[in-house]
1. Below 8 Å between Cα atoms, with a sequence gap of 6+, how large is the relative contact order for the chain in percent?
2. For the chain, set up a Gaussian network in which alpha carbons nearer than 10 Å are linked by springs, and say which option among W130, W42, W88 fluctuates the most.
3. Using only C-alpha positions, report the orientation-averaged shadow area of the convex hull of the chain, nm², one decimal.
4. Give me a comma-separated list of calculated 3J(HN,Hα) values for segment 64-80, in order, Karplus coefficients 6.51, -1.76, 1.60 applied at θ = phi - 60°, integers in Hz, x for any Gly or Pro.
5. Accessible area per residue, 1.4 Å probe, Å², for the chain: what's the number?
6. Step through the table entries K58/K97; K61/K94; K58/K137; K61/K93, compare each Cα-Cα distance with 20 Å, and write down the pairs that go over it.
7. Most fluctuating residue of N12, N91, N83 in a GNM of the chain with Cα springs under 10 Å: which is it?
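The values are calculated or read from the model by the stated rules, or taken from the named source; none is laboratory data. Predicted, not measured: the structure shown is a model, and the values here were computed from it. Accessible surface is based on the protein model in full, side chains and every heavy atom, while ligands, DNA and RNA are left aside. Shrake-Rupley method; radii C 1.70, N 1.55, O 1.52, S 1.80 Å.
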Amino acid sequence: DVIESKVIREINNTKNKYASTCLAIRPDRSSFATADYGGESWIYLWETKTGNLIGSFKGHKNDVTSLDFSPNGNFLVSCAKDNTIRLWDANSKKTIKVLKGHTDNVNCVKFSPDGQYIASCSDDETIRIWSFQDCFKDEKK
């Protein structure tokens, strides 16, 4: 059986001329992120209640393919056809870390339910598991 549901809000993404192709809802449901495809590789943050655009993230060099919020909602992870994964501070909208290692388009990225890991898969035929805590380690030795 198909159960019909009422649409409670429709948001017209007139910010750009490109289609939104992925989204992630913040765990507290206060906001959600979308990304465009075939455009300028922006990620947009929207307020759920009003549908207002409340921020944007820029950093990827090619189409963003997947988004996910950390379980506490403080971080956003994204991946793209630029072979990278970006960890963002969801509040300041600044990049914390760029994860490199895939050699082809990264198709999907997800936080583990406990927030300790980030998993990614790519057209390079690999699945990678990244330590969330390692993203905060200083690489300068």
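1. Computed value for the chain: 14 percent relative contact order.
2. W130
3. About 10.3 nm², averaged over all directions.
4. In residue order, the calculated couplings are 7, 10, 7, 9, 7, 8, 5, x, 8, x, 7, 10, 10, 10, 9, 9, 8 Hz.
5. So the chain comes to 61 Å² accessible per residue, rounded to a whole number.
6. Result: K58/K137 exceed 20 Å.
7. Looking only at N12, N91, N83, the largest GNM fluctuation is found for N12.
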